[in-house]
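**Q** My questions all concern the structure below.
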Amino acid sequence: MRKQLLVVLAVTLMIGAMPLTVVADGKKTIRKELEAAYVRIVDALKKNDPTTFEELLAPDFQVKLINGETHEREWLLNYLRNNANTFKVLKLSIKIKKLTVRGNEAIVIIEQKSSRTLSDEQGKPHQLDVGAIQQETWVKTPEGWRLRHNEELKRLYVKQDGKPVTQ
């Protein structure tokens, strides 16, 4: 009798844990898919190729800047096109710090660090280093994950030529 009770208990616990395993496996898959999207973004920015963003941004995309300004998809695409002529990305990393999945949405907290060169009005080159924590909302579509919202939550640092920039 005791052995049967232990078997029933073990099976019950195993069945009860199955949904958690499925959710964990699903979250792991989503994390890998989003990490692949971030690799595409990093590669595109290093190559000054904003077309990748046209593919990855949802039609209703919005970005909220640290100063509270909100902009639409076209604004960001124009910003990226213009910066492709102004900046040269030296280093860029995007790391997922936290992932929350709700249905077909993934809310991601990322840490983004970049180092790029730019020229001032006199043509003198400068290095700009920026670190930030951002929250992004991705939505799953038939075409794959699309970025719907980006909000900069915190600036970790901004340095020009190695010196802190106050804002």
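**Q** Quick one: would you say K91 is over 27 Å from K28 (Cβ atoms) and without any contact (Cβ under 8 Å) to a residue 60 or more places away in the chain?
**A** yes
Residue-wise test of (1) out of contact with any Asp or Glu (no Cβ under 6 Å at 6 or more places or on another chain); (2) modelled with pLDDT of 90 or more; (3) more than 22 Å from L153 (Cβ to Cβ).
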| site | (1), (2), (3) |
| --- | --- |
| D49 | yes, no, yes |
| L80 | yes, no, no |
| S93 | yes, yes, no |
| K98 | yes, yes, no |
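**Q** Give me the pairs: first residue in segment 45-56 and farther than 13 Å from N83 by Cα, second residue surrounded by 13 or more Cβ atoms within 10 Å (Cβ to Cβ) and of a type in the set (G, A, S), beta-carbon distance under 7 Å, and six or more apart or on different chains, which are they?
**A** Final answer for the pair search is T52/A44; F53/A44; L56/A37.
The values are calculated or read from the model by the stated rules, or taken from the named source; none is laboratory data. In this text, all values refer to a predicted model and were calculated from it rather than measured experimentally. With ideal geometry, Cβ positions are generated from the backbone for all residues, glycine too; neighbour counts draw on all protein chains shown.
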